[in-house]
Amino acid sequence: MADHTRGELVVVATPADLADAAARYVVELARAAIEQRGSFSIALSGGSTPRALHQRLARPPLSAQIDWPKLLVFWSDERWLPPDDHESNFRLARETLLDHVPIPAANIFAVPTVGGTPQAAAATYAATLASHLPDQPPQLDLIVLGMGPDGHTASLFPGQAEPAAPGTALVIAVANAPKPPPDRISFSYRLINAARNVLFLVAGADKAATLHAVLRGPLDQPRLPAQGVFPTHGRLTWLVDAAAASALQR
């Protein structure tokens with residue numbers, strides 16, 4: 001473990017170790033938040049690494065260490081697809097975690113992706129967050145993020161408007177994403193950086209050069225959107241496997 005000016009860096013050996021460490025971290029934060037404030041708000045993300053995290057949280061012994069009825073579950077980004085689509089982040093979380101733990105349906109806040117427009121859905125989701133989280137801007141206890149080989153995070157992609165010139169909206173509609181589907185909903189930097197904790201999960205050698213650029217290179221947020229994540233008053237942690245960290249150790 002080492003401290004870095006762009007967050008705390010934690011390197012583990014394998015993707016399995018990463019999922020184990022991430023699950024323990026979620027449990028630790030959940031228990032502390034529930035003890036201090038009576039609830040724990042978390043924003044999930046999609047992808048293969050969160051899948052492994054969800055699976056660990058869904059089974060003993062960790063599943064018994066969380067007071068599930070006191071969780072509020074959101075998503076940091078979502079594809080503009082029906083919630084039962086195989087590429088839906090909501091479906092991933094439901095199948096790997098939510099269907100296996102005793103969390104009330106009323107505590108699960110999926111992005112509304114059926115009917116209307118992405119722009120209207122973004123505004124609706126921002127209102128949902130504001131109505132369930134008391135701070136202004138809403139302050140989640142934990143936002144879980146990944147990072148792509150291109151440096152994108154959530155659905156904030158290189159060269160697009162939010163990384164180039166962040167706005168004041170809490171949730172934004174994303175069009176023309178460079179990877180399908182092109183239409184998405186994403187947390188903005190304003191909402192991400194208001195969180196008490198942000199946890200990046202990064203695995204794989206294909207992300208090593210980008211991780212080095214994000215953490216060690218010059219600031220270039222329009223090209224490397226992950227650099228725009230730095231909580232104003234919260235804690236930023238990068239949990240990465242050895243393959244992803246390989247360029248940092250040279």
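The values are calculated or read from the model by the stated rules, or taken from the named source; none is laboratory data. In this text the structure is predicted, and so the values were computed from the model without any measurement. Cβ sites come from the backbone with ideal geometry, for glycine too, and all protein chains shown count toward neighbours. Surface accessibility is based on the protein's heavy atoms, side chains included, excluding ligands, DNA and RNA. Shrake-Rupley method; radii C 1.70, N 1.55, O 1.52, S 1.80 Å.
Structure notes:
- Positions within region 221-250 being of a type in the set (D, E, K, R), more than 16 Å from the chain's Cα centre (by Cα) and surrounded by fewer than 19 Cβ atoms within 10 Å (Cβ to Cβ), in sequence order: R223, R250
- Checked against the criterion of being over 17 Å from A244 (Cα atoms) and crowded, with 22+ Cβ neighbours inside 10 Å, the candidates R79, R24, R91, R37 yield just one match: R79.
- Just one residue in the set A30, A13, A21, A58 is under 17 Å from R196 (Cα atoms), modelled with pLDDT of 95 or more and either in contact with a strand residue (DSSP E or B) (Cβ under 8 Å, 6 or more places away or on another chain) or of a type in the set (G, A, S) (or both); that residue is A30.
- Listed by first and then second residue, the pairs with beta-carbon distance under 6 Å, at least 6 apart or on different chains, first residue in region 216-235 and closer than 24 Å to L29 by Cβ and in contact (Cβ under 8 Å) with a residue 60 or more places away in the chain, second part of a loop (DSSP other than H, G, I, E, B) and polar (S, T, N, Q), are Q227/Q221; G228/Q221.
- Residue match in region 7-17 (condition: of a type in the set (S, T, N, Q), farther than 29 Å from A169 by Cα and part of a loop (DSSP other than H, G, I, E, B)): yes
- Enumeration of residues in region 234-250 that are at pLDDT 95 or above and not in a helix (DSSP H, G or I): G234, R235, L236, T237, W238, L239, V240, D241, A242, A243, A244, A245
- Residue among D150, D135 that alone is of a type in the set (D, E, K, R) and within 25 Å of A205 (Cβ to Cβ): D150
- A43 open to solvent by less than 50 Å² (accessible area, probe 1.4 Å) and in a strand (DSSP E or B): yes
- Checked against (1) under 19 Å from the mean Cα position of the chain (by Cα); (2) open to solvent by 20 Å² or more (accessible area, probe 1.4 Å); (3) among the hydrophobic types (A, V, I, L, M, F, W, C), L53 passes all but a single condition, namely (2).
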